[in-house]
Amino acid sequence: MTNLMNRRDLLKLTGMGVAVFVSGTAARAGGFRPQKNESFYFVQLSDTHWGFNGPNINPDSQGTLKKAVAAVNALDDQPDFVVFTGDLTQTTDDRKIRRDRMAEFRDIVSQLKVKTVRFMPGEHDASLDRGEAYHEFFGDLHYSFDHNGVHFITVDNVSDPMAAVGEKQLQWLQADLKQMKRDSRIVVLTHRPLFDLAPDWDWATRDGAAVIDTLMPYSDVTVLYGHIHQEHHHMTGHIAHHAAKSLMWALPEPGSVPKKAQIPWDASAPYKGLGFRDVEAEVAQARYEIEEFPVTKG
Amino acid sequence: MKKITHAVLVAASAGFLMQQGVVRSVAREARNNEQVIRISASTFEYKPGEITVKKGVPVTLELISQDRHHGFKLPEFHLQANVQPGVVEKIRFIPDKAGKFTFFCDVFCGDGHEDMSGTLTVIE
């Protein structure tokens with residue numbers, strides 16, 4: 001079966017203007033070259049948890065992020081930009097250690113060939129100090145930017161430890177969206193799911209419904225997020241939500257086990273369940289193709 | 001399901017409550033058959049973490065934090081509370097179904113946050 005046939009089949013199945021690829025080991029080998037004001041692609045990395053130490057969970061906790069950076073650098077066509085969707089660092093009560101981890105993380109990702117790198121916080125980065133240290137290192141916790149005809153909006157649902165976006169940010173979001181046409185291409189980048197994926201596993205945003213309601217009038221909205229350490233796809237109305245894998249540990253499927261717990265390292269399949277993804281934005285067609293990559297080339 | 005939530009600012013009495021040694025796993029029945037349970041939250045556990053109550057008998061949970069801001073969420077009974085040091089948060093409800101139900105912290109509180117949970121058992 002050809003790759004093209006796979007893509008068509010997936011589109012038919014999903015019916016959401018998004019094609020999802022489960023393995024990208026042979027991808028990005030050339031051919032696709034984004035043009036100005038047309039299609040482009042970017043890379044999403046998530047939940048790197050720099051500073052985590054748990055040999056049974058990830059004995060290569062000091063090396064996984066570096067391998068992922070090398071894997072992105074090895075892509076034949078470099079992405080237009082790279083985005084990290086939160087939990088850059090492992091949480092700590094110690095203010096100095098928190099900053100040390102952020103500095104180390106920043107040094108590592110500075111090795112990316114791509115120099116346009118977008119960040120957003122996860123609860124591990126920002127919940128204990130309401131984003132103070134994160135802001136020192138990475139700037140605003142929510143913001144928007146435009147790229148080749150797509151409007152990107154980062155939504156902070158972590159600096160409030162109660163996992164809320166909050167009224168002030170909601171007002172900002174409404175004002176930001178007012179500049180958009182109803183059929184503008186919009187991609188929301190956030191950390192937690194905006195819908196109630198598994199609230200008893202802390203996989204939700206308290207006022208996520210208000211965010212979705214705000215986005216609902218816009219016909220082309222896609223949400224990319226992290227937090228749940230696995231690939232996951234969900235629709236709320238016409239809005240597609242796609243969760244990314246982690247670069248530190250994997251988590252079980254929502255509701256699949258009585259208690260959420262990190263999946264132990266499998267020595268027979270190192271880095272299993274970990275990885276990153278690229279997202280091809282076909283702007284004219286309002287279509288996104290998501291391709292999953294392992295940490296290292298398989 | 002009736003739910004009455006009210007916070008009582010009793011910073012002075014909070015310590016008193018905990019000093020009385022009334023943290024126990026089985027509810028005591030107070031006046032009007034009400035089951036009263038005091039729960040202490042701290043990083044990263046609830047004491048008691050296992051609670052048993054009777055179905056159909058009103059329950060009052062008295063929640064207080066020993067260190068920092070925590071949460072308390074019991075989705076099966078649509079209960080949620082912010083648990084702060086120096087504040088006794090009271091939640092009243094009537095358990096109308098038997099079984100084992102998980103409650104957990106829904107305010108990110110640190111590295112062990114995701115393990116901060118307990119079990120409510122409702123018996124016939």
Original post:
How many residues, within region B:115-124, are more than 13 Å from chain A (Cβ to nearest Cβ) and surrounded by fewer than 18 Cβ atoms within 10 Å (Cβ to Cβ)?
Top reply: 3
Original post:
Condition test on A:Glu136, is it more than 30 Å from A:Pro199 (Cα to Cα), of a type outside the set (A, V, I, L, M) and either touching a strand residue (DSSP E or B) at 6+ places or on another chain (Cβ under 8 Å) or surrounded by 15 or more Cβ atoms within 10 Å (Cβ to Cβ) (or both)?
Top reply: no
Original post:
Of the residues that make up region B:81-100, is at least one under 19 Å from A:Asp196 (Cα atoms), within 14 Å of another protein chain (Cβ to nearest Cβ) and under 11 Å from the mean Cα position of the chain (by Cα)?
Top reply: yes
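The rows are residues; the columns are (1) in a strand (DSSP E or B); (2) at pLDDT 95 or above; (3) surrounded by 20 or more Cβ atoms within 10 Å (Cβ to Cβ); (4) touching a strand residue (DSSP E or B) at 6+ places or on another chain (Cβ under 8 Å).
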{"position": "B:Thr5", "(1), (2), (3), (4)": "yes, no, no, yes"}
{"position": "B:Leu17", "(1), (2), (3), (4)": "no, no, no, yes"}
{"position": "B:Arg24", "(1), (2), (3), (4)": "no, no, no, yes"}
{"position": "B:Arg68", "(1), (2), (3), (4)": "no, yes, no, yes"}
{"position": "B:Glu89", "(1), (2), (3), (4)": "yes, yes, yes, yes"}
{"position": "B:Lys97", "(1), (2), (3), (4)": "no, yes, no, yes"}
Original post:
If you go through region A:99-110 one residue at a time, do you hit one that is within 14 Å of chain B (Cβ to nearest Cβ) and over 25 Å from A:Phe40 (Cβ atoms)?
Top reply: yes
Original post:
If A:His124 satisfies every condition in (1) out of contact with any helix residue (DSSP H, G or I) (no Cβ under 7 Å at 6 or more places or on another chain); (2) surrounded by fewer than 17 Cβ atoms within 10 Å (Cβ to Cβ) but one, which is the exception?
Top reply: (2)
Subject >> Condition check for A:Asp207: within 23 Å of A:Ser159 (Cβ to Cβ) and among the acidic types (Asp, Glu) >> reply: yes
Subject >> Enumeration of residues in region A:212-228 that are farther than 15 Å from A:Thr190 by Cβ and surrounded by 20 or more Cβ atoms within 10 Å (Cβ to Cβ) >> reply: A:Asp220
**OP:** Could you check B:Gly112 against (1) surrounded by fewer than 20 Cβ atoms within 10 Å (Cβ to Cβ); (2) within 14 Å of another protein chain (Cβ to nearest Cβ); (3) modelled with pLDDT of 95 or more and say which number it fails?
**Re:** (3)
Original post:
What is the residue count in region A:182-224 for residues that are at pLDDT below 95, of a type in the set (D, E, K, R) and in a helix (DSSP H, G or I)?
Top reply: 1
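The values are calculated or read from the model by the stated rules, or taken from the named source; none is laboratory data. Nothing here was measured: the structure is a model prediction, and the numbers come from that model. Glycine also receives a Cβ, built like all others from the backbone with ideal geometry; neighbour counts cover every protein chain displayed.
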